[in-house]
Structures are given as structure tokens and as C-alpha cells.
Amino acid sequence: MDNKIFRKTVKDSHIVGIDLGTTNSAVAVMQGRIPIVLKNEFNKTTTPSIVRNNLVGEEAKKYLIEDPLNTIFASKRLMGRKFKDSEIQNYIKELPYKTTSSCNGDIWIKTNLGKFAPSQIGAKILNKMKEIGEKALKHPIVRAVVTVPAYFNDSQRQATKDAGKIAGLDIIRIINEPTAAALAYGLDKTAIGKIAVYDLGGGTFDISILEVEDGVFHVLSTNGNTFLGGEDFDNEFSNFLINFYNQTENENLNKTNISIEKLKEASEKAKIELSNKMSTNIFLENIYPGKDLDLKITREQLENVIKKIANKTIEPCEKALKDAKINKNEIKHVILVGGMTKMPFIRKLVKNIFKIEPTTTINPDEAIAQGAAIQGGVLSGTLDNVLLLDVNPLSLGIETMGGIFSKIINRNTTLPFKETEIFSTSEDNQKEVDISIYQGERGLVKENKKLGEIKLKNITKGPKGTPKISVSFECDSNGILKVSAEDSKNKEKQEIELIPSSGLTEQEVNEIIRKGEKERKKDEKKVNLINFKIKAERILQSLLNGTVKYPEKFLQKVKNLNEFISNKMFNIKEAKKELEEIKKYEM
Ligand code: AMP
């Protein structure tokens with residue numbers, strides 16, 4: 001018997017595409033060359049991403065009002081997040097169910113059945129989608145392509161993969177939601193020019209600028225807000241309804257003496273109706289003991305209420321255009337994704353932002369699942385190859401002498417990527433090096449975020465600067481990063497897989513980019529100064545260590561420069577002049 005391994009073939013070629021949404025989820029499969037979104041037991045193509053004990057979807061949704069403590073919704077917002085994160089702390093104040101911190105600081109959910117990681121809740125939703133698929137296809141499903149918001153960081157993507165594992169699903173690829181949507185529209189084949197994907201769902205907003213070249217998608221930039229979606233519109237509308245009712249009926253209702261969940265449900269229903277009608281009635285029986293709420297609301301009233309929230313999507317669009325370094329007039333297609341884009345006000349807003357009519361032929365609720373199924377088709381080999389390329393949101397690099405952040409991967413580099421750079425030692429006969437990996441946009445590492453560290457031992461002995469240490473940054477299409485360091489001579493190698501324990505939110509990413517731009521000039525100055533110091537010190541040392549006898553005048557110059565650069569603040573222009581003088585004596 002030999003020890004060789006072989007590739008296990010999976011007989012089943014039904015790779016499904018799953019849109020694991022904050023509010024709703026959908027599952028699709030390829031039938032021939034067409035992606036079909038599969039229907040659940042209620043004949044619907046979308047299933048609420050809601051879990052109550054063993055119930056998932058519509059059945060669980062019924063308990064939102066009756067059993068709010070144990071009915072878990074929007075768990076996707078908690079996936080891969082830390083309990084102490086200020087954004088999470090703000091958000092959980094609004095949640096009717098309880099949360100807690102796990103021993104590693106991750107946020108977990110508490111129900112009457114115990115504590116659960118958000119990925120365990122995600123697993124129940126994925127399992128439900130698997131069941132829907134299996135029922136429709138009459139076939140077991142083992143492999144899936146699952147979508148995530150463009151701004152999901154490593155830990156959020158990893159939590160999604162974990163959810164798949166728990167559900168017994170092999171997630172063969174994670175792709176960004178906007179990229180999936182563009183695939184659903186077949187833009188890989190037909191698009192000329194740049195594409196904007198505006199995705200406003202129940203809980204998240206994403207804007208992506210894509211480019212298609214020879215059937216290959218490049219994500220030029222992404223932006224958005226993981227805490228902006230239909231739910232926020234419903235909350236705002238609920239507040240308005242309470243005030244409106246109190247004004248017209250001279251009552252004193254507030255959020256503590258009525259059922260908020262009932263009101264939110266009614267607000268959402270009215271919001272959806274107002275996408276097709278100019279006015280609607282909202283009726284809530286017994287909103288307060290003995291009192292009914294009965295109001296007529298017009299589309300105009302709704303639009304006035306939600307305008308402020310809707311307008312919050314404008315800035316991320318402008319930023320995405322800026323990051324992609326393109327003008328609005330270069331955008332040739334705007335795709336709408338997410339249930340909220342059925343709202344006429346949002347369609348008008350998008351048209352105003354991009355100055356072109358958005359494409360709306362595919363149901364915005366279904367486009368992402370369809371795109372994921374198409375990607376599944378590509379991966380199973382039943383469709384032509386379409387490459388999906390996403391981007392790395394922040395620059396990556398390592399710490400080099402003087403605390404300088406040496407970038408290896410620039411921000412917005414297309415995934416997957418592999419980049420290798422050669423480094424060397426700073427001391428003679430140095431035996432080991434510590435390679436600290438950072439993420440950020442600032443010139444010095446102390447201002448950036450440390451992701452991890454590798455210690456490379458047993459380096460080939462030699463004078464400083466001679467050993468060759470190659471450092472590679474490799475990222476797969478799921479955004480999981482591997483950093484390795486190798487001594488080119490003795491092939492000693494160390495590797496680390498990075499899943500940053502506390503992920504960054506997209507607001508934090510934006511803030512980092514903004515600060516990086518603001519401080520760029522100052523950072524450049526600091527880096528130049530440090531580099532100059534290192535260079536000057538090296539030259540001075542080599543001159544003084546040599547056997548050559550230098551004239552007193554020269555030694556005085558060296559002393560001056562030494563003093564000059566050991567001062568924290570020095571004029572680099574003058575110091576450079578001094579160094580040029582000194583270098584004349586270099587052999
Ligand atoms: P998604 O996360 O893409 O499933 O989007 C769900 C969000 O879209 C929820 O906030 C829904 O209330 C909202 N939604 C669904 N259909 C409509 C509609 N016709 N008009 C306005 N909002 C809608």
C-alpha cells in the first residue's frame with residue numbers, strides 16, 4: 001500500500017449559489033445555462049434569515065413579536081465581530097435578544113437554549129437553504145458558493161466559512177455580493193466600460209465599481225456601510241408614525257408602551273406597499289389597550305421621512321468613484337441589488353448620483369443568488385470560465401528598520417494576489433529576524449494595525465545586508481491572507497495564516513484611508529528622515545571603521561553630522577549637503 005493521496009470526486013455536480021443575506025437569504029442553481037432561484041415551502045424565492053430554536057425562515061419570523069428574546073434576526077451583522085466593538089455595542093442596544101462576550105471576545109447570542117456563535121445561527125440558515133435546494137432538486141447538496149458583502153473582512157469571511165462547515169456544506173468559494181450581481185446580469189459578456197453596483201438590502205449598503213475586460217471582472221473599488229439598510233428606514237418610519245399618531249389623536253404613545261415589533265412590521269409592510277401605490281393605510285389593532293392605530297400615509301410622506309437615511313448612500317458612492325479614479329460619465333451600467341432598491345425614491349436617487357438610468361431587469365432580491373449559482377457553474381466546469389476578482393481594502397506590508405511601514409501590497413489590489421519582495425539583515429551575522437505584518441495607510445508602523453508576526457530562525461550567517469530573505473504575501477479569492485518568509489539560501493521557511501481577530505468595520509477602513517491621505521505629506525517627511533538617518537549612519541560607520549586615516553577637518557564634519565542626525569528635528573536639506581561632502585571621502 002502506498003501513502004499517495006487522491007482527489008475525491010464528488011458525484012454531485014449541483015453546486016448551489018447561496019445569498020446569505022442580513023434580512024433574507026436565497027438559493028439558486030444552474031439549469032443548463034440559466035440560474036434558477038429555488039422556492040421555499042411558501043412558494044417564495046427569498047427566506048427570512050431568522051432563527052428561533054429549530055425553526056428557520058418564515059416559521060421563525062412569526063415569533064418575532066411573540067418571543068423576541070429567542071427569535072434571532074440580522075445575525076449576519078454579528079458574524080466575526082467583537083463584543084466590545086463600539087459599533088456593536090451601539091447596535092445591540094436596539095436588539096430585543098440578548099448577547100454576550102465569548103471567552104475570546106467575540107460576540108455570541110444568548111437564547112433559552114444556551115449561547116450560540118453567530119456562525120452557528122448562520123449555519124442554521126445555510127442548512128435551511130440547503131434543504132430548500134435538496135427538496136427542489138431531489139438531490140443531496142454538498143457544495144456551495146456563498147456571497148458576502150464586499151466590506152466583509154477576514155474574520156467575517158472566516159465566520160461565514162465556519163457557518164458552512166457547521167451546516168455540512170463545503171463552501172467552495174466566497175464571492176462578493178456586487179460581483180455576483182454583475183455576473184447575474186451577464187455583464188461579463190456584454191458590458192463595455194465601468195459598472196456600478198448599488199446594493200441596498202435589509203441591513204447593509206454596498207457600492208462597488210467594477211470593470212470588465214475580456215470577460216474578467218476587476219473590482220476597482222468598494223465602499224458602503226454595514227449598518228445601513230431597510231431596517232433603519234423601518235425604524236425611522238416607525239418613529240414618524242408614533243409622532244404622527246400622537247399629533248393627530250392627541251395621544252402620548254412612546255416606544256415603551258406599545259409593541260415596537262408590531263409597529264416595525266406594519267411600517268415595513270406600508271413601506272413596501274408605497275413602492276407600488278401612492279398611498280396606503282396602516283391599521284394596528286390594540287396598539288395601546290383599547291386603542292387602534294389607523295393612519296393614511298402617502299408616498300410623499302414616507303419619502304420625506306426616509307430622505308435623510310437614503311442620502312447617506314451618496315457619500316460612499318462618491319468615495320468609490322474617487323477611489324476607482326474615474327468620472328461619473330465613465331459608468332456605463334448601474335445595477336440595483338437588494339430589496340430596498342425597489343423603492344422609487346432610491347431609484348431616483350441612484351439616477352441622480354450616476355446620471356444614468358439604472359438597470360433593473362432582474363429582481364433585485366434574486367440577482368445575488370443567481371450570480372453565485374453562475375459562479376458555481378463556472379467552478380463545476382459546466383460554464384465558460386469567468387474570473388472573479390475582488391480587492392484588498394487596505395495596504396499590507398511589514399516593519400523595516402526605523403519602524404518604517406514597507407508596503408508590499410497596495411490597497412485596492414485585485415484578489416487573488418501573490419507578491420514577493422527580498423529583504424536582508426541589519427546586523428552582521430544576524431541569526432534571526434522578526435517580521436511584523438501590518439495593515440494600514442500610514443508611513444510608520446506605529447500608526448498602523450499589527451496583524452501578526454513571523455520569526456525566521458537559522459538565517460545563513462553573513463555580513464549585514466547579504467542574506468536574502470524573501471517575504472511573500474499571498475491572498476486567495478476568499479480574502480484569506482498567507483504571509484511567508486524564506487531564507488533563499490538554506491530554504492528555512494516560516495508561514496502564518498492571517499485572520500485578524502478583531503476585524504475592521506468599513507467605517508474604520510474609510511477613516512484609516514482618510515487619515516492616511518491627510519497625513520501623507522507629514523508621513524513622507526518622517527520616512528525620508530528615518531531613511532536618511534539610516535543611510536548616513538551606515539556611511540559614517542563604514543568610513544570610521546575603515547583603516548584609512550582621514551584629515552581632522554573631515555572627522556569634524558563627521559562628528560557634526562552625527563550630532564546633527566541624533567537630534568530629533570534636523571533640516572534634511574542641510575544634512576544631505578553635509579553627507580554629500582562626507583561621501584566624497586568614501587572609498
Ligand atoms: P434584502 O436584504 O435584499 O432581502 O432586502 C430586504 C429589504 O428590502 C427589507 O428592508 C425590505 O423591507 C425591503 N423591501 C423589499 N421589497 C421592497 C419594496 N417593494 N419596496 C421597498 N422596500 C422593499
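Residues checked against (1) assigned by TED's automatic domain parsing to the domain that holds L20; (2) within 14 Å of the ligand (Cβ to nearest atom); (3) among the hydrophobic types (A, V, I, L, M, F, W, C):
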position: V197; (1), (2), (3): yes, yes, yes
position: L210; (1), (2), (3): yes, no, yes
position: E213; (1), (2), (3): yes, no, no
position: F240; (1), (2), (3): no, no, yes
position: F244; (1), (2), (3): no, no, yes
position: S267; (1), (2), (3): no, yes, no
position: N276; (1), (2), (3): no, yes, no
position: T298; (1), (2), (3): no, no, no
### Query
Is at least one residue of the stretch 218-225 within 15 Å of the ligand (Cβ to nearest atom), in contact with a Pro (Cβ under 6 Å, 6 or more places away or on another chain) and at pLDDT below 95?
yes
### Task
Please give the number of the condition V56 fails out of (1) touching a Lys or Arg at 6+ places or on another chain (Cβ under 9 Å); (2) more than 16 Å from the ligand (Cβ to nearest atom).
(2)
### Among (1) over 30 Å from V212 (Cβ atoms); (2) touching a residue at least 60 places away in the same chain (Cβ under 8 Å), the one test that P416 misses
(1)
### Task
Need at least 1 residues that are surrounded by fewer than 20 Cβ atoms within 10 Å (Cβ to Cβ) and at pLDDT 95 or above per element, so show me which helices (runs of 4 or more DSSP H) inside the stretch 312-388 make the cut, counting only ones lying wholly within it.
314-323, 344-354
## Note on the structure
Scanning the stretch 429-458 for residues that are basic (K, R), within 15 Å of G402 (Cβ to Cβ) and either surrounded by 18 or more Cβ atoms within 10 Å (Cβ to Cβ) or at pLDDT below 90 (or both) gives R442
### Query
Which residues, counting only those in the stretch 106-127, are within 13 Å of D19 (Cβ to Cβ) and either charged (D, E, K, R) or in contact with a Lys or Arg (Cβ under 8 Å, 6 or more places away or on another chain) (or both)?
G122
### Query
Looking at K264, is it out of contact with any Leu (no Cβ under 7 Å at 6 or more places or on another chain), within 20 Å of G203 (Cβ to Cβ) and free of Cβ contacts under 8 Å to residues at least 40 places away in the same chain?
yes
### Query
What are the residues in the stretch 410-440 that are farther than 21 Å from P463 by Cβ and of a type in the set (A, V, I, L, M, F, W, C), if any?
L415, F417, I437
## Note on the structure
Counting only residues that are within 20 Å of the chain's Cα centre (by Cα) and either modelled with pLDDT of 95 or more or loosely packed, with under 13 Cβ neighbours inside 10 Å (or both), the stretch 90-103 contains a total of 1
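The values are calculated or read from the model by the stated rules, or taken from the named source; none is laboratory data. If you're wondering where the values come from, they're calculated on a predicted model, not measured in any experiment. Note that each Cβ is placed from the backbone with ideal geometry, even for glycine, and that neighbours are counted across all protein chains shown.
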